[in-house]
Amino acid sequence: MRLRSIISAGVIRVALATLAAGALAPGVVRAQDDSGSMGSPNGTQPGGMDSNSAGGSMNSDMPANDPSMAPPMAKMHMRQPISGSMMAAPPYGLAPMKVGFFVLADDPEGIGFLTYSWNFGDGTVSSLPPELYIFHTYQNAGTYACSLTITTVDGRSQTFRQGVVVKAPGD
């Protein structure tokens with residue numbers, strides 16, 4: 001039992017000495033801040049030196065351009081989703097029924113819309129951009145789901161849906 005505690009204490013001392021010397025074990029990830037210096041999140045360099053102290057240069061046995069170190073990731077810009085709504089006027093009525101679809105869509109990135117893809121739910125499709133309203137006439141009675149998919153120049157898309165109910169005359 002005493003031999004096991006002596007061996008454990010020796011292993012711990014070797015591990016602490018290795019860390020204090022600044023050597024990194026395989027698989028240990030090093031961070032690189034915006035200034036290009038590498039160190040730990042608390043500001044100490046791999047050799048234990050504080051990057052903010054006088055003479056705070058990087059440990060001489062660890063060059064800044066270490067080829068085994070992956071380059072830092074570029075800052076990512078997450079694009080904002082398209083927002084908006086679609087309304088049908090009137091949403092229900094007798095066949096044949098002319099419906100105006102009013103769309104409010106906003107691209108918070110300000111890039112602009114590239115394509116408009118309409119599916120009126122009765123087999124009719126269109127790629128016309130809406131001015132203020134886009135009109136469609138439903139000839140037959142039924143319940144229809146109209147959808148509009150807007151795609152921006154940079155590839156973001158949003159689909160808006162609106163239901164329409166058309167009754168047969170005399171119902």
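Derivation of every value follows stated rules applied to the coordinates shown; laboratory data play no part. Small disclaimer: the values here were computed from a predicted structure and weren't measured. Heads up, the Cβs are rebuilt from the backbone with ideal geometry, glycines too, and the neighbour counts pull from every protein chain shown.
For the range 101-171, what Kirkwood radius comes out of the mean inverse Cα-Cα distance, in Å?
After inverting the mean inverse Cα-Cα distance, the result is 13.4 Å.
Each residue of the range 75-87 in order: what ³J(HN,Hα) in whole Hz does its phi give by Karplus 6.51 cos²θ - 1.76 cosθ + 1.60, θ = phi - 60°, with x for Gly and Pro?
5, 9, 10, 8, 5, 7, x, 5, 10, x, 7, 9, 9
Net charge near residue 85: determine it from the other residues with C-beta under 12 Å of the C-beta of residue 85, scoring Lys and Arg +1 and Asp and Glu -1.
Summing Lys and Arg as +1 and Asp and Glu as -1 gives 0.
Once the other residues with Cβ under 14 Å from the Cβ of residue 152 are scored (Lys, Arg +1; Asp, Glu -1), what is the net sum?
Within the 14 Å Cβ shell, the charges total -2.
Can you work out the Karplus-derived ³J(HN,Hα) for every residue in the range 125-142? Use 6.51 cos²θ - 1.76 cosθ + 1.60 with θ = phi - 60°, whole Hz, and x for glycine or proline.
Running phi through 6.51 cos²θ - 1.76 cosθ + 1.60 with θ = phi - 60° gives 10, 7, 10, 6, x, x, 7, 9, 10, 10, 9, 9, 9, 8, 7, 10, 5, x Hz.
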